[in-house]
1. Those residues that are touching a Leu at 6+ places or on another chain (Cβ under 8 Å), open to solvent by 30 Å² or more (accessible area, probe 1.4 Å) and more than 12 Å from ARG356 (Cα to Cα), I need them from segment 376-395; list them, please.
2. Looking only at segment 436-453, decide whether some residue is of a type outside the set (S, T, N, Q), in contact with a strand residue (DSSP E or B) (Cβ under 8 Å, 6 or more places away or on another chain) and open to solvent by less than 20 Å² (accessible area, probe 1.4 Å).
3. Report, ordered by the first and then the second residue, all pairs with beta carbons closer than 9 Å, sequence separation of six or more or different chains, a first member in segment 369-392 that is within 18 Å of CYS195 (Cα to Cα), and a second member that is among the hydroxyl-bearing types (Ser, Thr, Tyr) and crowded, with 16+ Cβ neighbours inside 10 Å.
4. Please verify whether LEU427 is within 24 Å of the chain's Cα centre (by Cα), over 24 Å from ASN159 (Cβ atoms), at pLDDT 95 or above and not acidic (Asp, Glu), treating the condition exactly as stated.
5. Would you point out the residue of segment 328-365, among those that are within 24 Å of SER210 (Cα to Cα) and among the charged types (D, E, K, R), that is surrounded by the fewest Cβ atoms within 10 Å (Cβ to Cβ)?
6. Which of (1) modelled with pLDDT of 95 or more; (2) in a helix (DSSP H, G or I); (3) open to solvent by 10 Å² or more (accessible area, probe 1.4 Å); (4) under 23 Å from GLU303 (Cα atoms) is the odd one out, the single condition LEU130 does not satisfy?
7. List the residue pairs whose Cβ atoms are under 6 Å apart, where the first residue sits in segment 154-165 and is closer than 19 Å to ILE114 by Cβ and β-branched (Val, Ile, Thr), the second is modelled with pLDDT of 95 or more and open to solvent by 10 Å² or more (accessible area, probe 1.4 Å), and the two are 6 or more positions apart or on different chains.
8. Go through segment 425-441 and report how many residues are in contact with a helix residue (DSSP H, G or I) (Cβ under 8 Å, 6 or more places away or on another chain) and without any contact (Cβ under 8 Å) to a residue 12 or more places away in the chain.
Amino acid sequence: MASPFSGALQLTDLDDFIGPSQDCIKPVKVDKRLGSGVAKIHIEDDGSYFQVGHDGGTRKLEKAKISLDDCLACSGCVTSAETVLITQQSHEELRKVLDANKTVAPGQQRLVVISVSPQSRASLAARFQLNPTDTARKLTTFFKKLGAHYVFDTAFSRNFSLLESQREFVRRFRGQADSKQALPVLTSACPGWICYAEKTHGTLLIPHLSTARSPQQVMGSLVKDFFAQQQRLTPDKIYHVTVMPCYDKKLEASRPDFFSQEHQTRDVDCVVTTAEEHLRCGFIAGEVFKLLQEEGVLLSELEPTPLDSLCSSGSAQEPTSHQGGGSGGYLEHVFRHAAQELFGVHITEVTYRPLRNKDFQEVTLEREGQVLLHFAMAYGFRNIQNLVQKLKRGRCPYHYVEVMACPAGCLNGGGQLKAPDTADKELLQHVERLYSMVRTEVPEDVPGVQELYKCWLQGEGSEQAGRLLHTSYHAVEKATSGLSIRW
């Protein structure tokens, strides 16, 4: 079965769909008090654990569970099997919250907010033979029929991620002597790539990583901070779900960095993907697709409902996107902004130069034969490995690199709907065409973005903007394999 995690991570000893390795072990805790003697563990036929004392007394022990937090803190693998680790990141958990809301008074319900990614929308549009705008509206209808209160478009939160990425790059370029924030800047919106960077080359790569939050996590900040204030609710009274093209987004949402100790809640409570597992024929069944099947609903037959707006105007939103490809357009937006801000050059069209393959391309800004800006995009781990080797040798010529774990980027994410192997390429091309049909916007000109900067963040570059729109990354120390210990 193909990996549902970040694409084709099948290089040397790296595999994005593996069970927990010998390093990924969370042992059962044995209560051994002083003077209690030797404690033994007895395992029943049903798998339950009992601690047996020296006096013959027994005490049932809690079964060990491996959570996504444990996975992120463990160096045993890049990511681990979704079937083993993910207990709170599924459409079943969404159903539990929706069902619980039906049994309590309206004032005691949790407000359910669903944020849909443009990539997932394009994938479902291809499956149901709809255009992306109709797909967005019909998904809104479906989720509200299930019991969701609001449905947002993560293209809106991506504006903040792009703007902060632009400003961050200009700051770093102007202060290149600061080794703590080195060039090239490497994008951080792909959680599969981030897991690999933290666990495999932490000290080498972390200084290069952009601190701008991904669109998913910016939306988490918007929903649990600004929107919660707007609704006069504490963040824990909102249940925030995102629909994403990538299983690794579940790992991203589970990072401790995105958990509020004060309110004991995550910025994103649950991530569901477009797709879940391969079938022998036809398209694969997905988490959103499963919800539709379980409800006996055909998306194309639903009446459309406008997307909700996060802005104070409250007007209905149309689905939007950004220039620069299906992974968010980070390279293109940062390149245009940097050319104008640093060198006074207005870029009308960005020209890409393919290198060894279409997933590794370069963009340059030259003046009188001198290279002013040298950007690249590196998709898939074959190209990521080449990039890392250049960095190791001190021979990386780039100022900025858009890095994505999946070949062809987010539209080809492991959580997207797939066709039979013989038709995967054609399906991806169709999804790319549908994705490009949506109206694109320049982040600076999007209604509500500057308003939110002023009202919610007290101005661009403020301390609160740094806290809510940026994050940090951490090298994970290598664990010693239990199999290598000599007794």
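The values are calculated or read from the model by the stated rules, or taken from the named source; none is laboratory data. Source: prediction; values computed, not measured. When we count neighbours, we look across all protein chains shown, and the Cβ atoms used for this are built from the backbone with ideal geometry, even at glycine. These area figures cover heavy atoms from the full protein model, side chains too; ligands, DNA and RNA do not enter into them. Shrake-Rupley method; radii C 1.70, N 1.55, O 1.52, S 1.80 Å.
1. Of everything in segment 376-395, those that are touching a Leu at 6+ places or on another chain (Cβ under 8 Å), open to solvent by 30 Å² or more (accessible area, probe 1.4 Å) and more than 12 Å from ARG356 (Cα to Cα) turn out to be GLN385, LYS392.
2. Yes.
3. Sorted first by the residue in segment 369-392, then by its partner, the pairs are TYR379/SER327; PHE381/SER6; PHE381/TYR196; ILE384/TYR196; LEU387/TYR398; VAL388/THR200.
4. Answer is no for this residue.
5. Here the answer is ARG353.
6. Looking at each condition in turn, LEU130 falls short on (2).
7. Pairs that qualify, where the first residue is closer than 19 Å to ILE114 by Cβ and β-branched (Val, Ile, Thr) and the partner is modelled with pLDDT of 95 or more and open to solvent by 10 Å² or more (accessible area, probe 1.4 Å), are THR154/PRO215.
8. 0
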